[in-house]
Amino acid sequence: MHFDWAYFWAQLITPSGAFLAGLGLTIIMSVTAQLLGFIFGLAVAFARMSPNKFLNFIAASYIWIIRGTPLLVQIVFIYTGLAAAGLVRFEDITAFGITFPGNLQAGILALAINEAAYMAEIYRAGISAVDRGQFEAAKALGMPPMMLMRHIVLPQAFRIILLPVGNQFNIMLKNTTLVSVIGVSEMLLVTETINSATFRTFELYSVLGIYFLLLTSLWNIFMMWAEKHYALGRPAAKAPRAVPALEPVQ
Amino acid sequence: MSEDLLIEATGVEKWFGPVKVLDRVDFKVGRGEVVVLIGPSGSGKTTLLRCINHLEEVQSGRIVVNGSLIGYRERNGKLISDKERNIAVQRRDVGMVFQRFNLFANMNVLENISLAPRLLRGTAKSKAEEQARILLTRVGLPEKENAFPVELSGGQQQRVAIARALAMQPAVLLFDEPTSALDPEMVGEVLAVMRDLATSGMTMVVVTHEMGFARQVADRVVVMAEGKIIEQGAPEQIFTSPAHPKTRSLLAAVLH
């Protein structure tokens with residue numbers, strides 16, 4: 001086996017500007033798509049739980065199609081497929097001197113649309129896990145449905161779904177590599193480009209793996225903190241807990 | 001008609017699937033009256049209570065609370081289901097205390113009590129919290145305002161739940177077996193708060209198995225069996241000379 005340690009360390013510790021730009025894109029794409037999926041997913045969940053049969057059908061179909069087809073297919077379909085059909089062409093947008101490329105827009109959109117379907121089901125599980133008594137108590141006080149959701153049910157549901165949502169973002173970080181197929185220069189595509197010039201495949205992909213491991217590990221650490229502070233069953237972090245001082249043993 | 005009626009239910013029917021749980025029930029409560037509903041389990045007393053604030057929908061009959069028809073609007077002599085928003089407004093005058101307390105798990109005691117007046121009555125935060133503290137003192141828990149529900153005993157939670165219901169200044173308070181989920185040593189503290197409320201002139205409808213409470217505090221005891229009101233009257237009359245054989249067997253069972 002040949003492993004060029006010097007090359008490996010150089011790439012790991014002093015990565016090229018292109019690779020760092022790719023790292024930036026990976027982070028921007030995953031955070032933006034996750035936030036969009038988080039918001040859009042809530043709307044889909046409400047529609048899915050709505051007594052309105054039409055809304056319910058639309059939401060159920062959306063979840064069925066998105067979860068039933070590969071993300072890679074969805075990405076190509078949205079960027080290349082829609083353009084080929086002459087329906088939507090994602091153009092580069094330049095604002096304040098920054099260009100927002102069309103393929104990046106399509107990539108983020110595809111990731112967000114995909115994420116929303118999974119988030120919708122997570123919300124639905126979280127909301128149905130809130131004790132029925134909480135709904136009834138809020139209703140009995142005279143709260144209309146949306147107020148009840150906002151003040152009583154969602155805050156409790158968020159705590160219930162904290163772990164699955166953390167899981168989703170972990171998956172999201174790694175799924176951004178799929179957007180490389182439509183030419184977004186995130187970490188994988190940059191690595192492939194360097195590889196085609198150097199053929200140091202083993203070293204380069206080791207470095208790429210380590211960078212992803214670093215990202216997901218940082219996220220894990222954040223989730224461990226969040227879980228400790230916000231997980232259900234604990235009074236919220238803002239509640240000062242009186243810890244009785246131990247009496248010294250005489 | 002001349003008497004001051006707060007709740008007037010007439011011909012109320014309710015089915016759970018094929019099971020008829022309320023069978024043409026007529027039920028009235030006057031302002032300031034304390035009515036205790038008793039009956040064997042499955043007799044429909046909790047369901048009747050839950051129909052009064054439309055947590056359960058009635059299939060026929062009508063329920064008028066404080067002058068307004070609950071859950072329905074009348075149009076050309078026909079009843080049509082009201083919007084959830086309007087029902088919510090009607091519920092603000094009807095307080096409810098649940099068997100399982102149902103304090104909001106994501107809020108501390110003070111927030112539990114002050115939330116509804118702030119959101120629904122437009123009370124300023126400081127004012128709502130001041131009222132909440134007064135109510136907490138009234139239920140005997142002034143030191144617990146920062147506690148979370150999980151940190152309280154069942155009896156304490158139920159007293160906070162009563163304070164939460166009172167904070168909306170309802171015209172009537174409904175109690176659904178308020179002591180049934182409590183450890184025996186905590187029943188007394190909750191009943192004491194309820195007794196205090198009754199003395200202060202609060203209109204109350206109480207579903208309970210606490211016959212001692214019914215006997216001492218109720219103005220009227222209503223006995224239900226198989227979805228019907230089979231007998232009602234002053235506690236003395238019900239407990240000493242019950243007319244209906246089912247009342248006699250019920251009392252024999254619970255009083256040993």
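The values are calculated or read from the model by the stated rules, or taken from the named source; none is laboratory data. The model shown is predicted, which means the values in this text are computed figures rather than measured ones. Backbone-built Cβ (ideal geometry, glycine too); neighbour counts: all protein chains shown. Surface accessibility is based on the protein's heavy atoms, side chains included, excluding ligands, DNA and RNA. Shrake-Rupley method; radii C 1.70, N 1.55, O 1.52, S 1.80 Å.
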Enumeration of residues in segment A:177-200 that are β-branched (Val, Ile, Thr) and either open to solvent by less than 60 Å² (accessible area, probe 1.4 Å) or in contact with a Phe, Trp or Tyr (Cβ under 8 Å, 6 or more places away or on another chain) (or both):
A:THR177, A:VAL179, A:ILE182, A:VAL184, A:VAL190, A:THR191, A:ILE194, A:THR198
Across segment B:84-125, the tally of residues that are on the phi > 0 side of the Ramachandran plot and touching a helix residue (DSSP H, G or I) at 6+ places or on another chain (Cβ under 6 Å) stands at 2
Enumeration of residues in segment B:201-256 that are under 27 Å from B:GLN169 (Cα atoms) and either surrounded by fewer than 16 Cβ atoms within 10 Å (Cβ to Cβ) or not hydrophobic (A, V, I, L, M, F, W, C) (or both)
B:GLY201, B:THR203, B:THR208, B:HIS209, B:GLU210, B:ARG215, B:GLN216, B:ASP219, B:ARG220
Suppose the filter is out of contact with any strand residue (DSSP E or B) (no Cβ under 7 Å at 6 or more places or on another chain), part of a helix (DSSP H, G or I) and either open to solvent by 10 Å² or more (accessible area, probe 1.4 Å) or within 25 Å of A:GLY183 (Cβ to Cβ) (or both); does A:ALA137 pass it?
no
I'm told B:VAL172 meets every condition in (1) free of Cβ contacts under 8 Å to residues at least 12 places away in the same chain; (2) buried (at least 22 other Cβ atoms within 10 Å of the Cβ) except one. Can you identify the failing condition by its number?
(1)
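Identify, please: which residue in segment A:113-132 is among the small types (Gly, Ala, Ser) and open to solvent by 10 Å² or more (accessible area, probe 1.4 Å) and is, among those, nearest to the other protein chains (Cβ to nearest Cβ)?
Checking each candidate, the answer is A:ALA129.
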Take B:VAL58 and decide whether it is away from every other protein chain (no Cβ under 13 Å) and either free of Cβ contacts under 8 Å to residues at least 60 places away in the same chain or outside any loop (DSSP other than H, G, I, E, B) (or both).
yes
Pairs where the first residue, in segment A:157-177, is away from chain B (no Cβ under 14 Å) and the second is open to solvent by less than 20 Å² (accessible area, probe 1.4 Å) and among the acidic types (Asp, Glu), C-beta under 8 Å, 6+ apart
A:GLN168/A:GLU115; A:MET172/A:GLU115; A:THR176/A:GLU186; A:THR177/A:GLU186
Output the number of the condition that A:GLU203 fails; it satisfies all remaining conditions of (1) within 14 Å of another protein chain (Cβ to nearest Cβ); (2) open to solvent by less than 30 Å² (accessible area, probe 1.4 Å); (3) among the acidic types (Asp, Glu).
(1)
Residue under question is B:ASN146, and the condition is that it be facing chain A (nearest Cβ under 8 Å), open to solvent by 20 Å² or more (accessible area, probe 1.4 Å), free of Cβ contacts under 8 Å to residues at least 12 places away in the same chain and outside any helix (DSSP H, G or I); does it hold?
no
Has segment B:69-88 got any residue that is closer than 20 Å to B:VAL206 by Cβ and either open to solvent by 10 Å² or more (accessible area, probe 1.4 Å) or assigned to a loop (DSSP other than H, G, I, E, B) (or both)?
yes
Hits in segment A:83-110 - residues which are over 25 Å from the mean Cα position of the chain (by Cα), closer than 18 Å to A:VAL73 by Cβ and open to solvent by less than 80 Å² (accessible area, probe 1.4 Å):
A:ALA83, A:ALA85
